[in-house]
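Please read the structure below before turning to the comments.
Bear in mind these aren't lab numbers, they're just calculated from the coordinates by the rules spelled out. Here the structure is a predicted model, which is why all the values come from computation and not from measurement. All Cβ positions, even for glycine, are placed from backbone atoms using ideal geometry, and neighbour counts span all protein chains on display.
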Amino acid sequence: MTDLPISSPASAARPWAAGAAVIVAAGVYAWALLMAEETWQVTGLLALAVAAVLAALKTGFARRLHQDWSASETRLNRLAFATLIVLIFVLSDAHFALLMVATTLLYFTASMGLNIQFGFAGMANFAGAAFFGAGAYTAAVLGTVTAVPPLLTLALGGGVALVLSLPLLLPIVRTTGHYAAVVTIAFGVLFRTFLEVNEILGGPQGLMVAPMRLFGWDFNSAPVIGGYEMSFYVNYALLAAALAGLVFMLMRRLERSWIGLHMDAVRLDETAAACFGISVTRTKVTAFLMGNAILGVSGALYGMMISFIAPASFTFSDSLLMVSIVLLGGLGSLWGGAVAAAIVVLLPEKLQLLQEYRFLLFSILVILVLLFRPDGILPRPMRSFFASRRAGK
Amino acid sequence: MTQTLLEFRNIVKRFGGVTALDDFSMRLGRAEILGLIGPNGSGKTTSFNVLTGIYPATAGQVLFDGQDITNAAARAVYEAGIVRTFQRSRLCLPLSIYDNIMIGDTARLTGSLWSNLISRKRLHGQIDASYRLARDLVGSFSGHLADRMDQPVGALPMIERRRIEICRALISGPRLLLLDEPSAGMTHDETHQLMDDILAVRARGAGLSIIIVEHEMGVIERITDRCIVLSYGRKIAEGTYAEVAADAEVQNAYLGAD
Amino acid sequence: MDFGLIAQYLANGILLGTMYALVAVGFTLFFGVLDVIKFSHGDVLMLGTFIGFTAWLGLEAIGVANPWVQLLGVLICSLGGTALIGAAIAKWLVLPLKKAPQLNTLLITLMLGTAIREAVRLFYPNGSNPKAFPALLPDAAVELGSFSLRADSVILVLAGLGLIGLLNLVINRTRLGLAIRAVAQDEETARIMGINYTLVVLATFAIGSGVAAFAGIMNGLYYNEINFGMGLILGLIGFSAAIIGGLGNLYGAILGGFLFAGLQVIGAALLPFASAYKDVFAFAVVIALMAWKPTGLIPERSSDRV
Ligand SMILES: Nc1ncnc2c1ncn2[C@@H]1O[C@H](COP(=O)(O)OP(=O)(O)OP(=O)(O)O)[C@@H](O)[C@H]1O
Ligand SMILES: [Mg+2]
């Protein structure tokens, strides 16, 4: 991209410093929140987060941050990933905290799959938990077959979700609006009912899932580095981080490709898109299959990690919870999805008080966000083909 | 007339009880500019919609360059080289000028999943080249728009949006451009400026045919080679602007419609 | 398969179909006047049933023992309360969102449904457990061979069908119905004709919600059990029914309701392997129907102008 008029923002000498500071701070904050045990500590930390966000907005720091992100996005994304890995190793023996990190990452990954559909192509999918579950059940069934290497099982989790999507393609591409919504809603209910009555898949009791293994390394055994024993969840957290990073990269590339542009065009105006040669069918099929495959892969790893799955974890309400992540974060917003996934997973776990109330809480939260901030907590930046845009102009 | 590019043969379009196009036949020559006029609701937009595959025709045939394209899908019509603008502007408002124009160039810029997501060398080449191309095209309409290729279209005033919409239609190098009331929502001066721009673009690209639907008769008079007048879906007159303007039935249709 | 069993399935199908149709007409009415889907419909229904149940508890507590009086009290409280709730949701949540994208309204009302459901589960006394709904109707039954026709189901079906008929009359024969149809057809024109738009919308939501509450009470009286989750599944089925019938059309909703019940019954009766798959079967057919008729069996008139 030689002659593109990309200039660095006038205001910042180091157009990444603010971003980098925030990433490191977020890492420390995440560590503190994960390790906090008393309710007062958690509440204090939450209050701190709210105060920090308000302050950032008031002082204009948020704008500077935004500029940094447009100017040095790739660099900052890498730093964020590195911080995540460091966080996982710092937590090394905190069993429960690592489980939460890994769960957040897998929900985040799943929500990116949904985001291709909701956020990019503008298609509703109310069976997210079903495709996630399809991956988990695939892992459970294939786990009993020792001949299948677990890494392949992950891919096959996506494959099965993809195959299950095939019969839905015709109704999905032919219907629009509410009529399309009913297709995935019906599928979600169908899937869960099927699991409940099917004895081979364990019925309502569900199935055990064999752990992940990689190059002969069993993920359910604790890694020991230099005589220091860590929680076995370190394995899963690292793999979940790798998966999330990979999918994140894929999403960025998708967004900055012709296919991504076509998805946006189809979402914004199907008729006009068709008049300029965009195949609406092909675009929707791509979004539906890609999204569901991502859901399936993350579900497979999730199943292996929690080692026991049942139909009750893949209900319509769970699908709605995933949709909540997408909406809270902001349609099409990747970083928004990450923050929202953390909120949705961590909040009820850290405030045991809320555990019981979480569906109520999140449903009200989503209603409020949709009413007062329909673009989500971190709205999607304007799409662009370029990782570093001319900032501020 | 020169060689025929487009032909409507007895096109009928009904919406329930409403007959929007009633046995409408017409021809358009290569490199011709045809004005399609008529009172509100006379079927002008509907004839564009039938032609571009948005609505199926109830009866009749459409031929483009000798090929039968009756009821072809919108995409096939685009691939044959027919593009349009819309009466009510239909740009993707949150997207940048550049992105909007690229939507018009799908024929060249699509590619496989592989080249879009994995091995992206070719994609980057396409982006570079098309950025330059788009900026030049926009620049021929308005220099200052060309400096703002990364800004969202939603922030632009109406006339600029019309220009972007026309650029989106022209970027693929089409053979037939359909303009549906390009001057809607513009002042007199802006309209004429827009027409100059269109004529300039046409002068560069050889052989572009245009059908223009317009209520601003000054525009029609100035730029069209020939006019067709519709009233209640029927063709009631055809000829140069001077001829149709003098036609008694045409005057009647316009007065009667008020 | 003998006659008795077939008759049993048939009777069951008619009862379910009536219930589903009562829920589906609500979806269709709301869509008609506002072009929105109010997904919380099923949970509002559940709330209405709980109101009815609470009314019964109250009547018991003050010593009213006659089942008919109790039934009347339950119906008045439940239908009236639900109608009010429906109108309130329309006024404060749905009407303000009229201009929002379709997906947003759908999602907000979905989330509202979740909130209602969770609120009942958490805050109704012992709300997470099923409640024994009283059998207020006579429990006589006529035996015809192996088929026993329960008096209560006959009464319920007749009452339900009567209500659907009544609703049809209201929509087609009264001034209110005329206003509702006018608004559904063209809001602007209806306003110009002097119709109080907001009032018509609120009335429609009240009527639709009240009718759904009736379905909830029917459900309670027939199965003698209610729980906080009953609205979700009834709402999903009612929504599917309204969609496969074709939105915006009363007959479509009724057709869809009976069709869905028919599918469940056929699934239960005919699937060779296991009747447990009846819902899987019914929803699979719904998906197939959407592929075949993407805008429902009785399509609405599309008005997507270009
Ligand atoms: N999708 C549709 N459904 C029903 N009727 C339609 C539809 N589109 C157009 N019509 C009707 O067809 C007739 C012709 O409409 P059309 O939009 O083609 O007129 P027009 O000549 O473009 O008018 P205007 O100058 O107002 O744009 C009108 O009576 C209109 O109401
Ligand atoms: Mg028109």
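Amide H to amide H, with H built 1.01 Å from N, residue B:84 comes under 5 Å of B:178, counting only residues 5 or more places away or on other chains. What shape does the protein assembly as shown have by the C-alpha gyration tensor, where a ≥ b ≥ c are the square roots of the eigenvalues, rounded means a/c under 1.5, and otherwise prolate means a/b greater than b/c and oblate the rest? In terms of gyration-tensor shape, oblate. Mean per-residue shielding of peptide A:264-270 is 5, counting Cβ atoms of other chains within 10 Å of each Cβ.
Peptide C:281-289 has a mean shielding of 6, counted as Cβ atoms of other protein chains within 10 Å of each residue's Cβ.
Each residue of the range C:227-237 is assigned a 3J(HN,Hα), and the resulting list reads 8, 5, x, 4, x, 4, 6, 5, x, 4, 5 Hz, derived from the Karplus form 6.51 cos²θ - 1.76 cosθ + 1.60 (θ = phi - 60°), x at Gly and Pro.
Backbone geometry of the range C:186-193 corresponds, through the Karplus equation with coefficients 6.51, -1.76 and 1.60 at θ = phi - 60°, to 3J(HN,Hα) couplings of 7, 4, 4, 4, 4, 4, 4, 6 Hz, x marking Gly and Pro.
Residues of the range A:196-233 with an amide N closer than 14 Å to a point placed 7 Å from the Cα of residue A:312 along the Cα-to-Cβ direction: A:196, A:203-207.
Proximity of backbone amide H atoms, modeled 1.01 Å from N, is registered between residue B:227 and B:35, B:239, B:240, B:241 at under 5 Å, excluding neighbours fewer than 5 places apart on the same chain.
Rounded to 0.05, the FRET efficiency of the residue B:79 and residue A:63 pair, given R0 = 35 Å and the Cβ-Cβ distance, is 0.20. Approximating the spin labels as points 7 Å out from Cα along Cα→Cβ, the residue A:205-to-residue C:129 distance works out to 2.5 nm.
Separation of the range B:50-102 and the range A:112-169 by C-alpha centroid, Å? Between the Cα centres of the range B:50-102 and the range A:112-169 lies a distance of 37 Å. Set against the 2.2 N^0.38 Å expectation for a compact globular protein, the range A:14-71 has a Cα radius of gyration ratio of 1.27. Only Cα pairs under 8 Å and 6+ residues apart enter the sum, and on that basis the relative contact order of chain A stands at 29 percent. Hydrodynamic radius of the range C:11-228 by the Kirkwood approach over all distinct alpha-carbon pairs: 18.3 Å.
Could you compute the FRET efficiency for residue C:62 and residue C:175, with r as their C-beta to C-beta distance and R0 at 35 Å, rounded to 0.05? That gives a FRET efficiency of 0.35.
May I ask which of A:284/C:293; B:13/C:98; A:284/C:99; B:13/C:293 have a Cα-Cα span longer than 28 Å here? The pairs that break the limit, which is 28 Å between Cα atoms, are B:13/C:98. Label-to-label distance, residue A:229 versus residue B:246, with points set 7 angstrom from Cα along the beta-carbon direction: 10.5 nm. The simple Förster model, with R0 at 60 Å and r as the Cβ-Cβ distance, assigns residue A:54 and residue C:223 a FRET efficiency of 0.70.
Proximity of backbone amide H atoms, modeled 1.01 Å from N, is registered between residue A:308 and A:209 at under 5 Å, excluding neighbours fewer than 5 places apart on the same chain.
What does DSSP give for chain B in terms of the percent of beta bridges that are antiparallel, rounded to the nearest 5? The antiparallel proportion sits near 55 percent. Taken as Cα centroids, the range A:274-289 and the range A:178-200 sit 25 Å apart, rounded to the nearest whole angstrom. This ranking places A:375, C:152 by how few other beta-carbon atoms lie within 10 Å of each, fewest first, which gives A:375, C:152. Computed 3J(HN,Hα) for the range B:214-219, one whole-Hz value per residue from the Karplus formula 6.51 cos²θ - 1.76 cosθ + 1.60 where θ = phi - 60°, is 7, 8, 7, 5, x, 5, glycine and proline marked x.
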